[in-house]
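Visitor: One structure follows; several queries about it will come next.
The values are calculated or read from the model by the stated rules, or taken from the named source; none is laboratory data. Keep in mind that this is a model prediction, so the values were computed, not measured. Here the Cβ positions follow ideal geometry from the backbone for every residue, glycine too, while neighbour counts run over all protein chains shown. We work out accessible area using only protein heavy atoms, side chains counted, and drop any ligands, DNA or RNA first. Shrake-Rupley method; radii C 1.70, N 1.55, O 1.52, S 1.80 Å.
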Amino acid sequence: MKLIVKCTSPEFSPDDIEWAFVTLDAPLLERALARRRIFRQSQLQDDELYDLFFWDNRPDFFARYSNQDRDESLDEEESLENTLCDHTGQPLEWAHDLHRVSDETSIPDAYLRAVECTQMRVDAHGIAWIGHPKHVDADIRTGTIPWELLESQRLFGAQSGGQ
């Protein structure tokens, strides 16, 4: 399953990063669920625990506008909005700061933004990521992917034999 997750930044981000693109494949799902077990076990030791962070460079962060500094040119017909329409022509429908897109969806390189020091945040509600745009003293935070969605995707993936 592929998701577009809304991003926020408490500080100004000159790269205008607005979204993260996450592929919820089997290794990511298993890693997230294992980290959830660690979180729950740690919470039994200290009920003041709110969240845990793990290095995890999984999402691709991107912006609405192409990066003008790149040498490549985009096809006039290709826009980010067309890419995000899930190949159905339907408008994006958001739920919990995320949108599911088709497995064929990809983000053109011109929209991607360099983010480093990315961490997965695990808490009682789900997973999210925090990253720092290169050469900027700011952070970008994704919306949370709820545990219910992760659990249902795990069950779906096990039944279909795929992701």
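Visitor: Let me know the charge dipole size of the range 1-55 about its Cα centre in debye, to the nearest 20, where only the beta-carbon of Lys, Arg (+1) and Asp, Glu (-1) is charged.
Guide: 400 debye
Visitor: For Cys7, Cys117, give me the order by solvent-accessible area with a 1.4 Å probe, most accessible first, ignoring ligands, DNA and RNA.
Guide: Correct descending sequence by accessible area is Cys117, Cys7.
Visitor: Next question, about the same structure. At a Förster distance of 30 Å, what's the computed FRET efficiency of Arg100 paired with Ser42, Cβ-Cβ distance as r, to 0.05?
Guide: Using R0 = 30 Å, I get an efficiency of 0.50.
Visitor: Residue-wise, which Karplus ³J(HN,Hα) couplings in Hz belong to the range 140-145, taking 6.51 cos²θ - 1.76 cosθ + 1.60, θ = phi - 60°, and x for glycine or proline?
Guide: Ordered by residue, 3J(HN,Hα) equals 10, 10, 7, x, 8, 8 Hz.
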